[in-house]
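The values are calculated or read from the model by the stated rules, or taken from the named source; none is laboratory data. Quantities reported herein were computed from a predicted structural model and do not represent experimental measurements. All Cβ positions, glycine included, derive from the backbone under ideal geometry; neighbour counts span all protein chains shown. Heads up: the accessible areas ignore ligands, DNA and RNA and are worked out on the full protein's heavy atoms, side chains in. Shrake-Rupley method; radii C 1.70, N 1.55, O 1.52, S 1.80 Å.
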Amino acid sequence: MPSTLLNPILERHRRDGTRLMQILRETQETLGWLPPEVITAIAAAVGWPRARVQATAEFYSFFHTRPMGRYRILWSDNITDRMLGSTELMQSMCRKLWLEPGRVSEDGLVSVDTTSCTGMGDQGPALLVNYRAVTRMTPQRVDEIVELVRAGTPVLGWPEEYFQVEDNIRRSDVLLGHGLTPGAALAAALERGAPAMLDEVKAAGLRGRGGAGFPTGQKWAACRGAEADVRYVVCNADEGEPGTFKDRVLLTSHADLVFEGMTIAGLAVGASLGLLYLRGEYRHLLEPLETVLARRRAQKLLGAGILGRDFAFDIEIHLGAGAYICGEESALIESLEGKPGRPRIRPPFPVTHGYLGRPTTVNNVETLAAACLVAKHGGAWYAALGTRKSAGTKLLSVSGDCTRPGIYEYPFGVTVAQVLADCGAHEPLAVQVSGPSGVCLADHEFGRRIAFEDVPSAGAFMVFDHSRDLFETARNFAHFFAHESCGFCTPCRVGTALVARLMDKVAAGHGSPYDLEELFKLHRLMQGTSHCGLGNTACNPVFDTLEKFRPAYERRIKSLAFEPAFDLDAALSQARQMTGRDDAAAHLSNVA
Amino acid sequence: MSETQTFSLDGEDVPFAPGQTVMQAAQAAGRWIPHLCWHPDFEAHGSCKLCTVRANGRLVAACTVAAQPGMAVENRTPDLDGRRQTLLQMLFVEGNHFCPSCEKSGNCLLQATAYEMGMMTPHFDMFYPDRPVDASHPETLLDFNRCILCALCVRASRDADGKNVFALSGRGIRSHLIVNHESGRLADTDFAATDRAANICPVGVILPKRRGFAVPIGRRKYDPAPASVVDVVPVKHEEEAR
Ligand SMILES: Cc1cc2nc3c(=O)[nH]c(=O)nc-3n(C[C@H](O)[C@H](O)[C@H](O)COP(=O)(O)O)c2cc1C
Ligand code: SF4
Ligand code: SF4
Ligand code: FES
């Protein structure tokens, strides 16, 4: 690669190794891939051992150390895309291009493959072409794309409607209907001052929307209280949990609210730099978000002397490159530092030792947006919304078998049945709440509530009707986890691969009751010994569906009823112990 | 200093100094907690999970968890050793381990720990990954088939040798060890057979050439006594093994 191409990229990123993700991405956007000599040159420029740069390049799905064709087409492979026919569409695309999935065409023109959920569950089947999101694929669109590829039409010249991404907001409440002008919440926060702002967030009972539900006020206070010269605010926009797309909508139509929330967090914790970690699948949002940042700087809502006060704060956007694990906060920080996204040993936690070893608060997009409401209306106002233990509202990304997929904002405490009725779910059989790492609810559980104290949710809400086979759902999720395991720890690296193999074996009709026992055994091992949440929850979908939709497995295992030595309920006893459950649903009848 | 603090390990008191991990304290007290990626001379990595213990009811990695006064730690229980056996089986099927023909046999911590945990078979179907060996270096052979991704060579090269010869690359089940050169060949790096990293591998990946079976089987490190005895004194595994 001529240094004339590489140099401007390196200069833009100050030859700083912590900017490696951005250097690699921009280089690849220019060259199509990352040739060995380019990796050597980048390593020399940033002053890192070459092996370390290579390790980062080889960790992320969206970086290529081999040529992958002028057109790289990746079909979103979430179960909801499949339910909309993505598998058949992809097969037909491959046939028409004379291609095998995963292979580059002999003329080096094109490759077609699958990728983890691209966050377009309400407008699938979706794909990425050269990392630009395409929605609503149809057989006709497949034919058109095949023609465009054959004709060598640059992606920039493809019809604009392919790249149209809708918000599909179906129900708004206080967050989506905030009505705040840029700067209004920030002015209110500055008026309150940092300590009072912290108190309001505590009083609001605001809890993290990224999944764990950690009290935001407590996190901010810990970060502020940690001894350090510099602190950071990180906005987690990795949104990798399959079936989740609410952060995309916030960043598309309420970017000011998100950036303002980050700025308020900066004020509260005493940080002057915020980093937004945007998943690579949302590459199309980069330029619009940069535009919003530029406007906010011009409006004195970012930069030095914000709103005429002695407060400075700015925001940088880092793009990820296809790795679900980078949603885990310590892996995200590693990625921000230019490294492979492997979760750190905790403690220490990011609030004391985060980005570049400094105290860092990592918060979900929605958490930060909600902080604006607290700044503007106060903690007591916010705490009055939702339930006692779950204050405020929650955005749900609804997809699957329903007539109105999209974004629904509800006060916490809404029942699953209510959401199902509102989205037009016909004869729902099950709902996967919070994505593969969440929980699969059967119809007798539809009276349960979305709230931290009942069914917590990071936002996904995938509906399955009676025509669906929940074994295939669990198998799809098992492959997702195997693909996304970072590979750091033994139980998850090997365990997710073993689970995916076992599920394939059962799917092929070669499974036996013994294999189901093996699945339980792997679940028990991985839950508890894994290094992070990914491995700890990776068997949830298999466990849930085995427990609640056992016939979907039995149908494939003919000998189950005749296998006297196999006691499924006994196999579950340890899992019951670990999950602290002993209700009827945690038991399996051994009589088929 | 104030009175020595203690925690209990399988019911027996173990003293510890503030800042010590459960593993460090146990090791200093001559107590064995199974481990593969931990080494007394290097910072903990916490990836193999062989050292998983139950501390106050919670499963944690002994090599990364800080010892706390009064902590009740379970180590060699049937439940924990059962988990360890499964972890070992996972490591065996993930790579290509043919112990009878391996130069490291008898000096191998993986093999010794598997014996100790009563592992009789690999149990799962083998993965048979394709991992070509690197014989480029005049003195040292790299047989990646046996790599358990413990990163000890990575740490030794970086922290003891100041070289960064090795790194872990890839993701998930395709994770693999790489060397620090565009050619991918060890011979082209600044690796030396005298490096600490040359003698740290707990399994048979980084091996001296032309030294095949210098110590006969039967007189190797883990031949006279099991890992739980040989490894409790905080000695340097690799020097014993030579
Ligand atoms: C495997 C894994 C993936 C995660 N993905 C995300 C994500 O995409 N977005 C997110 O906000 N949090 C994610 N989290 C949770 C984060 O680690 C962290 O708890 C969260 O960003 C904190 O923000 P909050 O307190 O506002 O919820 C993930 C956690 C794990 C274990
Ligand atoms: S549990 Fe999985 S994702 Fe998490 S550290 Fe271990 S291998 Fe990586
Ligand atoms: S080569 Fe040896 S020391 Fe290095 S990671 Fe592999 S098993 Fe560990
Ligand atoms: S020895 Fe503790 S995780 Fe490997």
Quiz item: For the pair A and B, how large is the buried accessible area, both sides, in square angstrom to the nearest 100, if the probe is 1.4 Å?
Solution: 3300
Practice problem: Please find, in a Gaussian network model of chain B (springs between Cα atoms separated by less than 10 Å), the residue of B:Ala66, B:Ala151, B:Ala214 whose mean-square fluctuation is greatest. | Solution: B:Ala214
Practice problem: Would you tally the net charge around A:Gly379, using a Cβ to Cβ cut-off of less than 15 Å, leaving A:Gly379 out, and scoring K and R as +1, D and E as -1? | Solution: +2
Quiz item: Which values, in whole Å and largest first, are the semi-axes of the equivalent ellipsoid of segment A:393-468 obtained as the square root of 5 times each eigenvalue of the Cα gyration tensor?
Solution: 17, 13, 11
Exercise. Select from segment A:19-52 all residues whose loss of accessible area on going from the chain by itself to the full protein assembly reaches 10 Å² or more (probe 1.4 Å).
Key: A:Pro36, A:Glu37, A:Thr40, A:Pro49, A:Arg50, A:Ala51, A:Arg52
Self-check item: Alpha carbon convex hull of chain A, volume per residue in cubic angstrom
Solution: 151
Quiz item: Under a 1.4 Å probe, what is the accessible area of segment A:94-237 per residue, stated in Å²?
Solution: 45
Quiz prompt | Percent antiparallel among DSSP beta bridges (both partners in chain A, rounded to 5) | solution = 45
Self-check item: FRET efficiency, B:Thr121 to A:His284 (Cβ-Cβ, R0 51 Å, nearest 0.05)
Solution: 0.50
Quiz item: Points 7 angstrom from Cα along the Cβ direction at B:Asp130 and A:Thr4: gap in nanometres?
Solution: 4.0
Quiz prompt | Value of relative contact order over segment A:1-150, rounded to a whole percent, pairs C-alpha under 8 Å and six or more apart | solution = 20
Self-check item: Coarse-grained scattering of segment A:3-59 at q = 0.20, 0.23 Å⁻¹, given as base-10 log I(q)/I(0) from a Debye sum over alpha-carbon atoms
Solution: -0.60, -0.83
Quiz prompt | Cysteines in chain A lacking a second Cys C-beta under 4.7 Å | solution = A:Cys94, A:Cys117, A:Cys223, A:Cys235, A:Cys326, A:Cys372, A:Cys440, A:Cys486, A:Cys489, A:Cys492, A:Cys532, A:Cys539
Quiz item: Which value, in debye to the nearest 20, gives the size of the charge dipole of the protein assembly as shown about its Cα centre, when Lys and Arg are +1 and Asp and Glu are -1 at the Cβ?
Solution: 860
Practice problem: Describe numerically, in nm with one decimal, the distance between label points set 7 Å from Cα along Cα→Cβ at A:Arg404 and at A:Glu144. | Solution: 2.8
Quiz item: Counting pairs of alpha carbon atoms under 8 Å apart in space and at least six apart in sequence, what relative contact order in percent does segment A:105-240 give?
Solution: 16
Practice problem: Just report the Cα centroid separation between segment B:130-188 and segment A:66-121, whole Å. | Solution: 33
Exercise. Provide a list, ordered by number, of residues in segment A:468-499 showing at least 40 Å² less accessible area with every protein chain present than when their chain is taken on its own, using a 1.4 Å probe.
Key: A:Phe488, A:Thr490, A:Arg493, A:Val494, A:Leu498
Self-check item: Length-normalised contact order for segment A:3-59 - Cα pairs under 8 Å, 6+ apart - percent
Solution: 32
Quiz prompt | the protein assembly as shown, accessible surface, carbon-and-sulfur percent (1.4 angstrom probe) | solution = 52
Self-check item: Set A:Lys246/A:Lys548; A:Lys394/A:Lys548; B:Lys163/B:Lys221; A:Lys219/A:Lys394; B:Lys49/B:Lys209 screened for pairs whose C-alpha atoms are more than 23 Å apart
Solution: A:Lys246/A:Lys548; A:Lys394/A:Lys548; B:Lys163/B:Lys221; B:Lys49/B:Lys209
Quiz prompt | Helical mean residue ellipticity (222 nm; -39500 (n - 2.57) per DSSP H run of 4+; nearest 500) of chain A | solution = -12500 deg cm²/dmol
Practice problem: Report, please, the projected area of chain B averaged over directions, based on the convex hull of its C-alpha atoms, in nm². | Solution: 13.7
Quiz item: Which residues in segment B:35-52 place their backbone N less than 16 Å from a point set 7 Å from the Cα of B:Ala66 along the Cα-to-Cβ direction?
Solution: B:44
Practice problem: With a Förster radius of 45 Å, plug the Cβ-Cβ distance of A:Ser272 and A:Ile345 into 1/(1 + (r/R0)^6) and report the FRET value to the nearest 0.05. | Solution: 0.95
Self-check item: Listed residue (A:Leu395, A:Thr114, B:Pro226) projecting farthest to the positive dipole end of the protein assembly as shown, Cβ model
Solution: B:Pro226
Quiz item: Hey, can you list the DSSP H helices of chain A whose Cα span along the axis is 24 Å or longer and whose average Kyte-Doolittle score is at least 0.5?
Solution: A:490-507
Quiz prompt | Contour minus Cα-Cα distance for A:Gln418 and A:Leu156 (0.36 nm per residue) | solution = 90.1 nm
Quiz item: When only DSSP loop residues count, what GluC sites (Glu not before Pro) in segment A:140-196 have their Cβ near at most 15 other Cβ atoms within 10 Å?
Solution: A:Glu166
Quiz item: Using the beta-carbon distance between B:Ala187 and B:Asp159 and R0 = 25 Å, what value does 1/(1 + (r/R0)^6) give for FRET efficiency, to the nearest 0.05?
Solution: 0.60
Self-check item: Neighbour net charge for A:Gly338 - beta-carbon separation under 15 angstrom, K R +1, D E -1
Solution: +4
Quiz item: What trypsin sites (Lys or Arg not before Pro) does segment B:157-231 have in DSSP loop regions with at most 10 other beta carbons within 10 Å?
Solution: B:Arg210, B:Arg219
Self-check item: Projected label distance in nm at A:Arg15 and A:Thr65, using a 7 Å step from Cα toward the beta-carbon
Solution: 2.4
Self-check item: For segment B:85-127 and segment A:169-225, distance of Cα centres in Å
Solution: 52
Quiz item: Using a 1.4 angstrom probe on protein heavy atoms only, which residues from segment B:162-180 are buried by at least 30 Å² of accessible area when all chains are present rather than their own chain alone?
Solution: B:Asn164, B:Leu168, B:Ser169, B:Gly170, B:Arg171, B:Gly172, B:Ile173, B:Ile178, B:Asn180
Quiz prompt | Hypothetical label at A:Ser253: residues of segment A:106-146 whose amide nitrogen lies under 13 Å (7 Å Cα-Cβ projection) | solution = none
Exercise. Give the accessible surface of segment B:30-123 per residue, rounded to a whole number of Å², with probe radius 1.4 Å and ligands, DNA and RNA excluded.
Key: 34
